[in-house]
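The values are calculated or read from the model by the stated rules, or taken from the named source; none is laboratory data. This one's a predicted model, so the numbers in the text were calculated from it and none came from an experiment. Glycine also receives a Cβ, built like all others from the backbone with ideal geometry; neighbour counts cover every protein chain displayed. Please note that ligands, DNA and RNA were not included when accessible areas were found on the heavy atoms of the full protein model with its side chains. Shrake-Rupley method; radii C 1.70, N 1.55, O 1.52, S 1.80 Å.
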Amino acid sequence: MSRLFVSDVHLDASAPGAVEQFLEFLRTHAVNAEACYILGDLFEVWVGDDETDPDKKAVCKALRALTGQGVACFVIHGNRDFLLGREFCANTGCRLLADPVIAEFDGERVLLTHGDALCTDDHPYQELRSIVRTAPWQRRFLALPLADREMLANQVRAGSRQHTARTIPYIMDVNPEAVATAYRVAQVRRMIHGHTHRPGLHDTSVDGTPAQRIVLGAWYEQGSYLVYEDGQYALRELPR
Ligand code: MN
């Protein structure tokens, strides 16, 4: 049985092609897997578990069908959907994991993370992150009416687009020191993350032992997932 990993699907009503493809991915690929790990940014934005968007509801319903068929489904918060909460889990049967978390696959400890925390060169982003990921900020935000939260989220997204356009690409990639520290602190030699939209397998060595960082791809132009089966990891593309 295989384990599948996806991230950065960025689902919302403005990307019907991605929504359709992800629903198809759940029906055809994920249903035959033992477990499915969603490593952040499943949704382009998530302003609370009272979201009413029909496309998001369709995705939640499909996740419920998947977990109902016995496929274990795990979710890590991304920087877009870090407000996925208890109700989302109850509705879908997904289980929320901490970021980072250490999983064990066939006896190997593997670090799973969204990846934004590794992008330590992006100081303005890290500052924003340190505010919005606190419980008091989230309590205040979630107490606002849905329409206000949607409006604020749109403003943040516009700001984020400007920031991305103005920032040198390497600053938005992972910081090598942060990666090395993550390997050492977690005492792992493999990590899987998304966020940077730069899919690839990066072989390196940490304190003399081989290590591998696997980066998942985004779903903007095509589908992308990682499969782990029979001790092998492989990145796969799904043409759209
Ligand atoms: Mn992200």
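General observations
- From phi via Karplus (6.51, -1.76, 1.60), per-residue ³J(HN,Hα) for segment 119-128 in Hz, x at Gly/Pro: 8, 6, 6, 8, 4, x, 5, 5, 5, 4
- With contacts taken as Cα pairs under 8 Å at a separation of at least 6 residues, the chain carries a relative contact order of 23 percent.
- Projecting the Cα atoms of F82, G70, P54 onto the charge dipole of segment 1-100 (Cβ charges, centred on the Cα centre) puts G70 farthest toward the positive pole.
- Accessible area per residue was computed with a 1.4 Å probe on protein heavy atoms; I171 scores about 30 Å².
- Within the accessible surface of the chain, defined with a 1.4 Å probe on protein heavy atoms only, the carbon and sulfur portion equals 54 percent.
- Where D121, D116, D207 fall by accessible area, highest first, once all protein chains stay in place (1.4 Å): D207, D121, D116
- Cα-centred dipole magnitude for segment 32-107, charges only on beta-carbon of K, R (+1) and D, E (-1), debye, nearest 20: 240 debye
- Sorted peptide list for 36-49, 5-18, criterion being average Cβ within 10 angstrom, highest first: 36-49, 5-18
- Close amide H pairs (under 5 Å, H built 1.01 Å from N) link F105 with V110, residues at least 5 positions away or on another chain.
- Max mean-square fluctuation residue, GNM over the chain, Cα-Cα springs under 10 Å, options V71, V188, V156: V156
- Relative contact order (%) - segment 69-125, alpha-carbon pairs under 8 angstrom, separation at least six: 30 percent
- Exposure rank, largest accessible area first [T92, T209, T67; 1.4 Å]: T209, T67, T92
- Accessible area of the chain divided out per residue, in Å², using a probe of 1.4 angstrom: 49 Å²
- The listed residues E34, E87 rank as E87, E34 when sorted by accessible area, largest first, using a 1.4 Å probe.
- Shape of the chain, Cα gyration tensor, a/c cut at 1.5: oblate
- Coil-residue chymotrypsin sites (Phe, Trp or Tyr not before Pro) of segment 173-240, DSSP, other Cβ within 10 Å capped at 15: Y220
- Net charge dipole, the chain: roughly 320 debye, given to the nearest 20, about the Cα centre with Cβ charges of +1 for Lys and Arg and -1 for Asp and Glu.
- Karplus-derived 3J(HN,Hα), 6.51/-1.76/1.60, for each residue of segment 60-66, Hz, glycine and proline x: 4, 5, 5, 5, 4, 4, 5
- Electrostatic bookkeeping for H114 treats Lys and Arg as +1 and Asp and Glu as -1; over the other residues with beta carbon under 15 Å from its beta carbon, the sum is -3.
- Residue-averaged [θ]222 nm for the chain, counting only DSSP H segments that reach four residues, each worth -39500 (n - 2.57): -11000 deg cm²/dmol
- Other residues lying with their Cβ under 12 Å from the Cβ of C73 contribute a combined charge of +2, Lys and Arg counting +1, Asp and Glu -1.
- For the residues M172, M191, M151, a GNM of the chain with alpha-carbon springs under 10 Å puts the largest fluctuation on M151.
- Cα-based shape type of segment 1-119, given that a ≥ b ≥ c are square roots of the gyration tensor eigenvalues and the cut on a/c is 1.5: oblate
- Neighbour cut-off at most 16 other Cβ (10 Å), DSSP loop, trypsin sites (Lys or Arg not before Pro), segment 131-186: R133
- Evaluated with a Cβ-only charge set (Lys, Arg +1; Asp, Glu -1), segment 114-200 carries a dipole of roughly 220 debye about its Cα centre, given to the nearest 20.
- Near A30, once Lys and Arg are set to +1 and Asp and Glu to -1 for all other residues with Cβ below 12 Å from its Cβ, the sum equals 0.
- Residue by residue, segment 68-83 carries 3J(HN,Hα) couplings of x, 8, x, 8, 5, 10, 10, 10, 10, 5, x, 6, 9, 10, 6, 9 Hz when phi is fed to the Karplus relation 6.51 cos²θ - 1.76 cosθ + 1.60 (θ = phi - 60°); x denotes Gly or Pro.
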